[in-house]
């Protein structure tokens, strides 16, 4: 009688196999859900990090443009003109370049022979680590010299860039133009645009390669060349 009760309380091989199969299915469903959640989390974090990188680059450009300036003061002797300020926006289709002088330099070292003035440039170049990709490059020279479009150090601000476009609001005509030049006497001497529009073409590789246009608009408070002696706008 005891042996018969033991058989009834036990499980047959088929019941054990069915239980194992059910447990395996449940475990697979739980694992698949966990993997999908992890992938979604990584994708959202990647999108957030990318958005922060793009907005950070735009905010930096906007902050430095707000400190842009040109000076109308030049030494009468060409041989003594060792400092030239400029605001030059070059129309290059979808990959423009902007060179300007600014009051945005931050001195990082004590007793450095530097001021808050600097030369800055923003343009698109090929990625040094991947020739088929492009990056947003920032050029800075801590001291303004006779050529405000050359020299200094280069820094990659943003990777995977397709385009960089600038537009300038002319305060005299209230129209947007694609180029600006304070160097050439026939263009816009000794004056800056009222606003600058920045449009970045950012590449996204999620699923398929897409290009997203993100932009901002910056107002320039210093619109005329600085000259505390004779110049009057």
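The values are calculated or read from the model by the stated rules, or taken from the named source; none is laboratory data. Everything numeric in this text was worked out from a predicted model, so none of it was measured. Every residue, glycine among them, receives a Cβ derived from its backbone with ideal geometry; neighbour counts consider all protein chains shown.
Key figures
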| read-out | value |
| --- | --- |
| In region 118-132, the residues that are more than 14 Å from the chain's Cα centre (by Cα) and either in contact (Cβ under 8 Å) with a residue 60 or more places away in the chain or closer than 19 Å to residue 181 by Cα (or both) | 118, 119, 120 |
| Unmet criterion (only one of (1) more than 30 Å from residue 39 (Cα to Cα); (2) in a strand (DSSP E or B); (3) touching a residue at least 60 places away in the same chain (Cβ under 8 Å)) for residue 221 | (2) |
| Of all residues making up region 181-195, the number that are at negative phi and either in a strand (DSSP E or B) or surrounded by 14 or more Cβ atoms within 10 Å (Cβ to Cβ) (or both) | 9 |
| Among the candidates 56, 89, residue that is outside any helix (DSSP H, G or I) and at pLDDT 85 or above | 89 |
| Residue check, residue 107 surrounded by 14 or more Cβ atoms within 10 Å (Cβ to Cβ) and either in a loop (DSSP other than H, G, I, E, B) or at pLDDT below 80 (or both) | no |
| Enumeration of residues in region 158-180 that are assigned to a strand (DSSP E or B) and surrounded by 17 or more Cβ atoms within 10 Å (Cβ to Cβ) | 158, 161, 162, 163, 164, 165, 166, 167, 168, 169, 180 |
| Single unsatisfied condition, residue 198 versus (1) at pLDDT 90 or above; (2) surrounded by 15 or more Cβ atoms within 10 Å (Cβ to Cβ); (3) out of contact with any helix residue (DSSP H, G or I) (no Cβ under 7 Å at 6 or more places or on another chain) | (3) |
| In region 9-48, residue modelled with the highest pLDDT [restricted to those that are loosely packed, with under 10 Cβ neighbours inside 10 Å and in a helix (DSSP H, G or I)] | 14 |
